[in-house]
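Enquirer: To start, I am sharing the structure in question, which I have written as structure tokens.
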Amino acid sequence: AVMYVCLCHAITDTQIRQAVSQGDTSLKEVRQRLGVGDQCGKCSRMAMQIIQQQLELEPNYYEVA
Ligand code: FES
């Protein structure tokens, strides 16, 4: 099932996870890449949780931590 995190930009959790896989490590970076949270901002909290969750799954996270 597709889960929309950011309705203003129709951004899915999958897109946010992919952004992290491509090297983004913070909400700020994902916002710059996708625009998530730059309209109403209601999605910021959920977006941050998904980013955090994905960072823990990414092997690179441990190298830079
Ligand atoms: Fe993401 Fe509005 S739902 S900016």
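The values are calculated or read from the model by the stated rules, or taken from the named source; none is laboratory data. Bear in mind the structure is a predicted one, so any value in this text is a computation, not a measurement. Note: ideal-geometry Cβ built from the backbone for every residue, glycine included; neighbour counts use all protein chains shown. Calculation scope for accessible area: heavy atoms of the full protein, side chains included, ligands and nucleic acids excluded. Shrake-Rupley method; radii C 1.70, N 1.55, O 1.52, S 1.80 Å.
Enquirer: Exactly one condition in (1) within 14 Å of the ligand (Cβ to nearest atom); (2) buried (at least 18 other Cβ atoms within 10 Å of the Cβ) is false for MET46; which is it?
Expert: Of everything listed in (1) within 14 Å of the ligand (Cβ to nearest atom); (2) buried (at least 18 other Cβ atoms within 10 Å of the Cβ), MET46 misses just condition (2).
Enquirer: Please identify the pairs in which a residue from segment 28-44 that is basic (Lys, Arg) has its Cβ atom under 8 Å from the Cβ atom of a residue that is more than 9 Å from the ligand (Cβ to nearest atom), counting only partners at least 6 apart or on another chain.
Expert: ARG33/ALA19; ARG33/GLN22; ARG33/ASP24
Enquirer: If you go through segment 1-45 one residue at a time, how many are in a loop (DSSP other than H, G, I, E, B) and of a type in the set (A, V, I, L, M, F, W, C)?
Expert: Going through segment 1-45 one residue at a time, the tally reaches 9.
Enquirer: Using beta carbons and a limit of 6 Å, which pairs, at least six apart or on different chains, have the first residue in segment 1-18 and touching a residue at least 24 places away in the same chain (Cβ under 8 Å) and the second one open to solvent by 60 Å² or more (accessible area, probe 1.4 Å)?
Expert: VAL5/MET46; CYS8/GLN39; CYS8/CYS40; ASP13/MET3
Enquirer: Also, I was wondering about something else. Limited to segment 10-22, what total is found for residues that are open to solvent by 50 Å² or more (accessible area, probe 1.4 Å) and either over 20 Å from LYS42 (Cβ atoms) or under 8 Å from the mean Cα position of the chain (by Cα) (or both)?
Expert: Residues that pass the stated criteria total 5.
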